Protein chains: 2
Amino acid sequence: MKIGYLGPKGTFSEEAVIKYTQGVENCEVVEFNTIPEVINCISNSLCEEAVIPIENSIEGSVNIAVDMLINDANGIMIKGEVIIPISHCLISDAPVEFKDVHCILSHQQAIAQCREYISKKFPNAEIKATDSTAQAVLGVKSKPGVVAIGPERAAVIYGMRIIDRDIQDVKENYTRFLVLSQKDGVVTGKDKTSIVFSVPNVPGSLYNALGVLANKKINMTKIESRPSRKKLGEYVFWVDIEGHREDEIVKSVLEELKGRTDFLKVLGSYPKFK
Amino acid sequence: MKIGYLGPKGTFSEEAVIKYTQGVENCEVVEFNTIPEVINCISNSLCEEAVIPIENSIEGSVNIAVDMLINDANGIMIKGEVIIPISHCLISDAPVEFKDVHCILSHQQAIAQCREYISKKFPNAEIKATDSTAQAVLGVKSKPGVVAIGPERAAVIYGMRIIDRDIQDVKENYTRFLVLSQKDGVVTGKDKTSIVFSVPNVPGSLYNALGVLANKKINMTKIESRPSRKKLGEYVFWVDIEGHREDEIVKSVLEELKGRTDFLKVLGSYPKFK
C-alpha cells in the first residue's frame, strides 16, 4: 500500500506516518512537496492513503487542508487520525551567533507556532515561507546567517546543527494529522465522525443545528468555523463528534441535521487516536 | 487624536483608516510596522485609537490579532468596525515576464488569499513573508524577478508597476477591520457587541451557552473558534452579537452567559459598519 505525506524526509508529517504505520506491513511511503499535492494523491489515485496535518494546539487549523477537504468533490474521506507532540528546533548549517541571523526559513504553520520567539530573538530577520519544515532545513545548507525552524529529526537526517530547542511559544504543543483515503474507517466501537455543514443565515440556526447533537447527548470534540469564501460573515462549520456514522444514534443525528442545515457533508468516521 | 495603523502608507489598513476618519477633524495617523505593534499602541498609550485587520472573506481570521485581543490584559476595547473591498495586484519595479519571476513578497494573509493564483502561475517561486503589503511593494525596488502582492494604491505611492490585477482566489473579497481604544462605543441603536468565552469540556456546553442568545432572539453575526493554546481540542469562542452591552436585553444575556461559561470577556460594543 502506498501512503502519501508532506516530504521530504524529516518533516513532522513523516513522524506521523511512522507512528501511523507501526506494525503495518507492506507500506510504501511517497513524498509530496506541498499539502495540496498530498491531498490530491488520493483523488488522482497515486496513493491509497495520505497523511496530512490538520490542526495544531498553538496556531489552530491548517487552513489550506481544512478548505480543501470542505470543498473536495472527489469523495476523499477521513479514515484515521494521529496526534504527535511537536518540538521546534532552530537549525543552521555552520555555528552562528543569534546576532548574525538575518533570515529564517520554515513552513508558515511552524513560523506561527514560534511567533513570539522570533519577534523577541530576531525582530529584524527576513522570513521565508517553505513548503515544509524539512525543506527549510535543507535550505540552510551553506548559507551563513540563514536558519531554519523544524524538527530535530530533519537536522539529524541532513547533517545540520541544532542551535536552540523547544522554541515554540507554548511548550506543550501537539499537531493532529488525518489519514485520508477513498473510504473511511470500519466500526471499531471507539470512533469519531467529522462533518462539515452550513446553516441558514437566521438567528438561532447554529444553535438549532447543535441542538440535534445535544438532545442525543452526542459529544462534540471539535467545532471550527471557516469563511464560506462567498460573503464576509458567512461560515462553514467543521464539527467532530463521537461515534461512527454507521452507529444507529449517529445515523439518526445526521439524518436530523440534514433538515436543519443548508449543506451537510460527512467527511468520514475513524478510530479515535489513543 | 492619534490613530495607529499597519503602515507604511499604501496598506489596506491605511485605506481602512482613511474610510474610518472621513469627515473627522484633527486626526493624526501613526504608522507601525507590525500588527502586534499597532495593537500595543493602545496599551502603551502611544495612540488613542488603532485600526487593525481582523477577518477576511477568503482566508478567515488574522490569527495574531484575534489571539492578542483574546489574551489582552490591558483593557483594550473595540469601538468600531470598517469593512473594505480588497483587490490584490501583482507589482514589480521594472517590466517582468511571468516566467522570470523567482520570488514573491507579501504579508502572509495576502499570500493565503492568492494561494491558487500563486501555485498556478508561479509554482516554483520563493515566498517571502513581509510585515505588511506596502512593505512588500517597497521591497521589489531594483529587484529584477521579484514581485509583490499588494494594493494598487501602494504601487502608485511608491512608483511601481502593476503587472496583474484582482489576483485573489475569489473576486469578491472583503476585509473587516476593528477600531481599538481604551473605551468602546456609545449606544447608537445600531450596535454590535464582541465577546469571547470558553465553556466546560462536557457534552452540550457550547449548545447550552448559545441557547442564552437563541432564547432571547439575539442575532449572532460571527462565531469563531480559536485553540485555547493549552490543550489540543480545547477552544475559545469569539462571538459577535447584535445590540449594545448597555441595552437591557444584551445586559441580561451577558449576565446569564457568565453562569454557563468558564471564562467570559466583553471586547466591546460599537456601531455596525454601514
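The values are calculated or read from the model by the stated rules, or taken from the named source; none is laboratory data. What you are looking at is a predicted structure, and each value in this text was computed from that prediction instead of being measured. A quick note on method: Cβ atoms are made from the backbone with ideal geometry, for glycine too, and the neighbour counts reach across all protein chains shown.
The sole residue among B:Cys41, B:Cys103 that is in contact with a strand residue (DSSP E or B) (Cβ under 9 Å, 6 or more places away or on another chain), more than 19 Å from A:Gly60 (Cα to Cα) and in the same structural domain as B:Val146 (by TED's automatic domain parsing) is B:Cys103. Anything in segment A:198-209 that is free of Cβ contacts under 8 Å to residues at least 12 places away in the same chain and out of contact with any Lys or Arg (no Cβ under 6 Å at 6 or more places or on another chain)? List them, or say none. Selection gives A:Val202, A:Gly204, A:Tyr207. The C-beta contact set for segment A:175-188 (first residue among the hydrophobic types (A, V, I, L, M, F, W, C), second residue assigned to a loop (DSSP other than H, G, I, E, B), distance under 8 angstrom, 6+ apart or interchain) comprises A:Leu180/A:Ile76; A:Val187/A:His244; A:Val187/A:Glu246; A:Val187/A:Asp247.
Look at B:Pro151 and say whether it is surrounded by 14 or more Cβ atoms within 10 Å (Cβ to Cβ), out of contact with any Asp or Glu (no Cβ under 6 Å at 6 or more places or on another chain) and at pLDDT below 95. So B:Pro151 fails the test.
Residue-wise test of (1) closer than 25 Å to A:Gln109 by Cβ; (2) surrounded by fewer than 19 Cβ atoms within 10 Å (Cβ to Cβ).
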{"position": "B:Asp164", "(1), (2)": "no, yes"}
{"position": "B:Asn173", "(1), (2)": "yes, no"}
{"position": "B:Gly189", "(1), (2)": "no, yes"}
{"position": "B:Thr193", "(1), (2)": "no, no"}
{"position": "B:Pro203", "(1), (2)": "no, yes"}
{"position": "B:Tyr207", "(1), (2)": "no, no"}
{"position": "B:Asn215", "(1), (2)": "no, yes"}
{"position": "B:Thr221", "(1), (2)": "no, yes"}
{"position": "B:Ser225", "(1), (2)": "yes, no"}
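Just one of the numbered conditions (1) part of a loop (DSSP other than H, G, I, E, B); (2) touching a residue at least 12 places away in the same chain (Cβ under 8 Å) is not true of B:Pro123: (2). Close Cβ contacts (under 6 Å, 6 or more residues apart or on different chains) running from residues in segment B:6-34 that are at positive phi to residues that are not in a loop (DSSP other than H, G, I, E, B) comprise B:Gly10/B:Ala134; B:Gly10/B:Arg153; B:Gly10/B:Ala154; B:Gly10/B:Ile157.
Scanning segment A:153-200 for residues that are closer than 30 Å to B:Met68 by Cβ and not in a strand (DSSP E or B) yields A:Arg165, A:Asp166, A:Ile167, A:Gln168, A:Asp169, A:Val170, A:Lys171, A:Glu172, A:Asn173, A:Val199.
Okay, residues lined up against (1) in contact with a Lys or Arg (Cβ under 7 Å, 6 or more places away or on another chain); (2) over 22 Å from A:Glu242 (Cα atoms); (3) of a type outside the set (Val, Ile, Thr):
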{"site": "B:Val186", "(1), (2), (3)": "no, yes, no"}
{"site": "B:Lys217", "(1), (2), (3)": "no, yes, yes"}
{"site": "B:Pro227", "(1), (2), (3)": "no, no, yes"}
{"site": "B:Gly243", "(1), (2), (3)": "no, yes, yes"}
{"site": "B:Glu255", "(1), (2), (3)": "no, yes, yes"}
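Within segment B:19-32, is even one residue surrounded by 23 or more Cβ atoms within 10 Å (Cβ to Cβ) and not assigned by TED's automatic domain parsing to the domain that holds B:Ala125? Yes, there is a match, as at least one residue in segment B:19-32 is surrounded by 23 or more Cβ atoms within 10 Å (Cβ to Cβ) and not assigned by TED's automatic domain parsing to the domain that holds B:Ala125. Within segment A:218-264, the only residue that satisfies the criterion of being in contact with a Gly (Cβ under 7 Å, 6 or more places away or on another chain), within 7 Å of another protein chain (Cβ to nearest Cβ) and either part of a helix (DSSP H, G or I) or free of Cβ contacts under 8 Å to residues at least 24 places away in the same chain (or both) is A:Pro227. The set of residues from segment A:107-140 being among the β-branched types (Val, Ile, Thr), within 11 Å of chain B (Cβ to nearest Cβ) and within 14 Å of A:Asn33 (Cα to Cα) comprises just one member, A:Thr130. Quick check on segment B:62-75. Is at least one of its residues within 22 Å of B:Val17 (Cβ to Cβ), crowded, with 23+ Cβ neighbours inside 10 Å and of a type in the set (Asp, Glu)? Checked against the condition, which is being within 22 Å of B:Val17 (Cβ to Cβ), crowded, with 23+ Cβ neighbours inside 10 Å and of a type in the set (Asp, Glu), segment B:62-75 yields no hits at all.
Those strands (runs of 3 or more DSSP E) of segment A:5-110 in which 1 or more residues are of a type in the set (Ser, Thr, Tyr) occupy A:89-92, A:103-106. The combined condition, being surrounded by 22 or more Cβ atoms within 10 Å (Cβ to Cβ), at negative phi and more than 8 Å from chain B (Cβ to nearest Cβ), is fulfilled by A:Asp184. Residue under question is A:Lys183, and the condition is that it be more than 19 Å from A:Glu248 (Cβ to Cβ), basic (Lys, Arg) and out of contact with any helix residue (DSSP H, G or I) (no Cβ under 9 Å at 6 or more places or on another chain); does it hold? Answer is yes for this residue.
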